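The structure appears below as structure tokens.
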Amino acid sequence: QVQLVESGGGSVQTGGSLRLSCAVSGFTDDYYCMGWFRRAPGKEREGVARIIYPGGFTFYADSAKGRFTISQDNAKNTLYLQMNTLKPDDTAMYYCAVDPRGHECFTRVDFSYWGQGTQVTVSS
């Protein structure tokens, strides 16, 4: 009954910002890996950013470094992705994911639970 629900997507112009949210329910592990992924039409799914709890270590894809910030509000069981200086190449469906296996957080692709996705569209 683990559920992840993304929100905050939308349409913005190049250079704009969005903050994506992922509300997590039914997940109470003491340690876990969470991440944001995206999939653009005609492209493979791409890991964008990841965070380890409780260590708080983060990892960013090269395309996101310096522009995106992943964070957690543990009290609200919410994962965030702050996206700044958006580019048309950022256009994609964005998904949050969580896995109780905290190890290999920065490299694994087989996350156990996924949200339904939220669309981000960046126009030129």
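The values are calculated or read from the model by the stated rules, or taken from the named source; none is laboratory data. From a predicted model like this one, the values you see are computed outputs, not experimental measurements. Note that each Cβ is placed from the backbone with ideal geometry, even for glycine, and that neighbours are counted across all protein chains shown. Note: accessible area is taken over every heavy atom of the protein model, side chains too, but ligands, DNA and RNA are not part of it. Shrake-Rupley method; radii C 1.70, N 1.55, O 1.52, S 1.80 Å.
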Report summary line: The condition from (1) of a type in the set (Ser, Thr, Tyr); (2) at pLDDT below 95; (3) open to solvent by less than 10 Å² (accessible area, probe 1.4 Å) that Tyr94 misses is numbered (2)
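In this structure, does Ala49 turn out to be in a loop (DSSP other than H, G, I, E, B) and either buried (at least 17 other Cβ atoms within 10 Å of the Cβ) or among the aromatic types (Phe, Trp, Tyr) (or both)?
Criteria not met by Ala49.
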Requested in this report: Confirm whether Phe37 is over 19 Å from Val2 (Cα atoms) and either open to solvent by less than 60 Å² (accessible area, probe 1.4 Å) or touching a Gly at 6+ places or on another chain (Cβ under 9 Å) (or both).
Outcome: no
Report task. Would you point out the residue of segment 1-46, among those that are part of a strand (DSSP E or B) and among the polar types (S, T, N, Q), that is farthest from Ser123 (Cα to Cα)? Result -> Ser25
Report summary line: Per the list (1) surrounded by 11 or more Cβ atoms within 10 Å (Cβ to Cβ); (2) at pLDDT 95 or above, residue check on Gly66 breaks on (1)
Report summary line: Residue pairs within 6 Å by beta carbon, gap of at least six or interchain, first lying in segment 104-124 and open to solvent by 20 Å² or more (accessible area, probe 1.4 Å), second polar (S, T, N, Q) and part of a loop (DSSP other than H, G, I, E, B), listed first then second, are Thr121/Thr91; Ser124/Thr14
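When you scan segment 21-34, do you find a residue that is open to solvent by 60 Å² or more (accessible area, probe 1.4 Å), within 22 Å of Arg101 (Cβ to Cβ), acidic (Asp, Glu) and in contact (Cβ under 8 Å) with a residue 12 or more places away in the chain, even just one?
First, the residues of segment 21-34 that are open to solvent by 60 Å² or more (accessible area, probe 1.4 Å): 28-31.
Checking the rest, the ones that are also within 22 Å of Arg101 (Cβ to Cβ) come to 28-31.
Filter once more, keeping what is acidic (Asp, Glu): 29-30.
Among the residues that remain, those that are also in contact (Cβ under 8 Å) with a residue 12 or more places away in the chain are: 29-30.
The answer is yes, given that some residue of segment 21-34 is open to solvent by 60 Å² or more (accessible area, probe 1.4 Å), within 22 Å of Arg101 (Cβ to Cβ), acidic (Asp, Glu) and in contact (Cβ under 8 Å) with a residue 12 or more places away in the chain.
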